[in-house]
1. Looking only at region B:30-52, count every residue that is more than 14 Å from every other protein chain (Cβ to nearest Cβ) and assigned to a helix (DSSP H, G or I) and tell me the total.
2. Filter region B:72-103 for residues that are within 14 Å of chain A (Cβ to nearest Cβ) and in a helix (DSSP H, G or I); which is farthest from A:T21 (Cα to Cα)?
3. For region B:30-45, name all the residues that are crowded, with 24+ Cβ neighbours inside 10 Å and under 10 Å from the mean Cα position of the chain (by Cα).
4. (1) at pLDDT below 95; (2) in contact with a helix residue (DSSP H, G or I) (Cβ under 9 Å, 6 or more places away or on another chain); (3) open to solvent by less than 80 Å² (accessible area, probe 1.4 Å): which one isn't true of B:M127, the others all being true?
5. Would you call A:E60 open to solvent by 40 Å² or more (accessible area, probe 1.4 Å), at negative phi and touching a strand residue (DSSP E or B) at 6+ places or on another chain (Cβ under 6 Å)?
6. Against the condition more than 16 Å from the chain's Cα centre (by Cα) and not polar (S, T, N, Q), how does B:K93 come out, does it pass?
7. I want to confirm something. Restricting to region B:8-25 and keeping residues that are open to solvent by 20 Å² or more (accessible area, probe 1.4 Å) and aliphatic (A, V, I, L, M), which single residue is farthest from the other protein chains (Cβ to nearest Cβ)?
8. Just one of B:A61, B:A39, B:A10, B:A67 is more than 15 Å from B:P105 (Cβ to Cβ) and out of contact with any helix residue (DSSP H, G or I) (no Cβ under 6 Å at 6 or more places or on another chain); which is it?
Amino acid sequence: MEADKVLDCKGLNCPMPIVKTKKAIEEMESGQVLRVEATDKGSKSDIAAFAERTGHELLESREEGGVFIFYLRKK
Amino acid sequence: MAEEKRKRMAIIASKGTLDMAYPPLILASTAAAMDVETAIFFTLYGVDIINKKKYASLKVAPVANPAMPSPVPFPNILGILPGMTPMATTMMKGMIKKINWPTIPELVQTCIEADVKMIACTPTLEMTGVKKEDLVEGVVVAGAAEFLNFALDADITLFI
């Protein structure tokens, strides 16, 4: 999947992946896609909860060799 | 078109130890990131969390804390010995660093940048002699009514 922006949150723990995702998405245009990479094991449910609450669409969520990868489309 | 009312969270932070400073700040910064209107009312020892002279050096005490992890079996009563609090604090700071957690000053800054309303309790300031200038920039000083006015419309209210 193509992303307009990539955010590296590897090595960071709650709450930083969510805080940084919010900051990154704020700087983007509506409809653009943000790729977030995280190693925090809670990020899988946290990013989904973030998307549900904020209305940004979680397009994809997967794990690759211990790294969680998310694609979010800005509302 | 009426805009949907934002969700709201109101937290009272009443403790000034290193371990108890994290939960209110983590919840507030996360809530703010999730578009929740958030306020923290710092009262009693909780004011230390936003006191520039103190917030970088909050401590954790092993006394009366049997959950404190220790590399060796450790009778809790020994926590009263001189040097035990700095030792426990150093140990906890090491654990915090290991998981790459932000420091308390960093988290306070994150909350302020995210527009979390940070309120310092007036009687506490009177009692402890802490001045408004001692507090982190962006903190407002107010009493219980101000907090209640915000909390009465809150979806989540926590006392920490």
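1. The total comes to 7.
2. B:M95
3. Result: B:I40, B:F41, B:F42.
4. (3)
5. Details: open to solvent by 40 Å² or more (accessible area, probe 1.4 Å): yes; at negative phi: yes; touching a strand residue (DSSP E or B) at 6+ places or on another chain (Cβ under 6 Å): yes.
Against the criterion (open to solvent by 40 Å² or more (accessible area, probe 1.4 Å), at negative phi and touching a strand residue (DSSP E or B) at 6+ places or on another chain (Cβ under 6 Å)), A:E60 qualifies.
6. So B:K93 fails the test.
7. My answer is B:I12.
8. Working: B:A61 fails: out of contact with any helix residue (DSSP H, G or I) (no Cβ under 6 Å at 6 or more places or on another chain); B:A39 fails: out of contact with any helix residue (DSSP H, G or I) (no Cβ under 6 Å at 6 or more places or on another chain); B:A10 fails: out of contact with any helix residue (DSSP H, G or I) (no Cβ under 6 Å at 6 or more places or on another chain).
It is B:A67.
The values are calculated or read from the model by the stated rules, or taken from the named source; none is laboratory data. All values reported here derive from a predicted model rather than from experimental measurement. With ideal geometry, Cβ positions are generated from the backbone for all residues, glycine too; neighbour counts draw on all protein chains shown. To get the accessible areas, we keep the full protein, side chains included, count just its heavy atoms, and leave off ligands, DNA and RNA. Shrake-Rupley method; radii C 1.70, N 1.55, O 1.52, S 1.80 Å.
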